Amino acid sequence: MNRPIKPVRAFVPSHITGFFAAHRREEPLLSGSIGCGLCLSLGATTTIESAPLIHDTEILLNGARSEAPVSRFVVEKLAKEPIRVKTELQMPFGAGFGASGAGALGCAYALNAHFDLGLTSDQAAAVAHEAEVTNRTGLGDVIAQNAGGLVVRLQPGAPGTGRIDKIPIPPLPVSYVVRGPISTKEILSDEKAMIAVNLAGESALKELLRKPTFTSFMQLSRRFTVQSGLASDWALQAIEAVEAAGGMAGMIMLGDAVFAFGGAGAEALKSFGEVHTTTISQRGANLD
């Protein structure tokens, strides 16, 4: 197959985690997390273009040049020559929506097609997972974003190594409000904090598997928000407001943000910031 002359474009959904437990290993492909999260139709579109006049790969994030270390890791692994990478993010950055994972995964898919590398979906995604783990920007987003839907992460590891399942679900509406970013790297590196997080996450996963439904996921995400010790007072107040309005809510891991479903939850969130509503994405990473 000849290399495509036209730019190659990939789309990756955002991913929000309701609860998790981190599992770090020396080998990045064995590192990951267990837990459960939702892929959302907000996503990242990454375009790869030939750039014969440049000497070093250019990465543009929402139109501006960026170091983008996670995506650059993927480029250095897969690109055969300098290229231009353009990623447009629809989701908030640094607020638990898997933005860095989406950029890296879209980059891997597009590079695979552009250079005719012959990688399978899992093989391409494993490079993006390695990039996230190495840069300490995430542990479980890529394997979920590769699949789409309501994803249960059963065993840690990269796509092709870790094990997931999915809870069948329609494209339900999900509302969210973001107060600000939380440093994923800082939290994942705090061993004391991670003890409570992992205990709460492992407990939530065991309970979800007894009754794997969307309602159970929402309820357990709410419980994890409290038991993990990660929630701010702002997030807890927002969750309580949603519940008072007849909805269900949890904190987005890891971000100072809250997601909600049902009742008048979206209306209740308006007291806490600008409310956005999207839908659950049933498709995972793909070439457009």
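The values are calculated or read from the model by the stated rules, or taken from the named source; none is laboratory data. Keep in mind the model is a prediction, meaning the values are calculated, not measured. Heavy atoms of the whole protein, side chains included, go into the accessibility calculation; ligands, DNA and RNA do not. Shrake-Rupley method; radii C 1.70, N 1.55, O 1.52, S 1.80 Å.
General remarks:
- Two-decimal log10 I(q)/I(0) for segment 202-288, as the Debye equation yields it once each C-alpha is a single scatterer, q = 0.15, 0.17, 0.18 Å⁻¹: -0.59, -0.74, -0.82
- Portion, in percent, of the accessible area of the chain that falls on carbon or sulfur, probe 1.4 Å: 51
- Integer Hz, Karplus 6.51/-1.76/1.60 couplings in order for segment 213-222, x for Gly and Pro: 10, 5, 4, 4, 4, 5, 5, 6, 5, 5
- Cα-Cα P(r), segment 111-226, percent of pairs per 5 Å interval: 2, 9, 15, 19, 22, 18, 8, 4, 2, 0
- When the listed pairs Lys80/Lys166; Lys166/Lys206; Lys166/Lys270; Lys6/Lys86; Lys6/Lys77 are checked against a 24 Å cut-off, the alpha-carbon distance exceeds it for Lys80/Lys166; Lys166/Lys270.
- Top of Gly118, Gly98, Gly148 by mean-square fluctuation, Gaussian network on the chain, Cα under 10 Å: Gly118
- Computed with a 1.4 Å probe over protein heavy atoms only, the accessible surface of segment 208-288 comes to 44 Å² per residue.
- Angle in degrees between helix 99-114 and the longest Cα principal axis of the chain, rounded to the nearest 10: 30
- Separation of alpha-carbon centers, segment 168-191 and segment 80-136, rounded to whole Å: 19
- For Lys192, the aspartates and glutamates whose Cα comes closer than 19 Å to its Cα, not counting residues fewer than 8 places off in the same chain, are Glu202.
- Normalised per residue, the volume of the convex hull around the Cα set of the chain (Å³): 116
- Debye log10 I(q)/I(0) at q = 0.09, 0.15 Å⁻¹ for segment 143-288, Cα point scatterers: -0.29, -0.83
- The long axis of helix 191-210 is offset from the longest Cα principal axis of the chain by roughly 80 degrees.
- Solvent-accessible heavy-atom area per residue, rounded to whole Å², over segment 40-195 at 1.4 Å: 42
- Our Cα-only numbers for segment 22-129 put the radius of gyration and Dmax at 14.1, 45 Å.
- Secondary structure note: in the chain, about 95% of the DSSP beta bridges are antiparallel.
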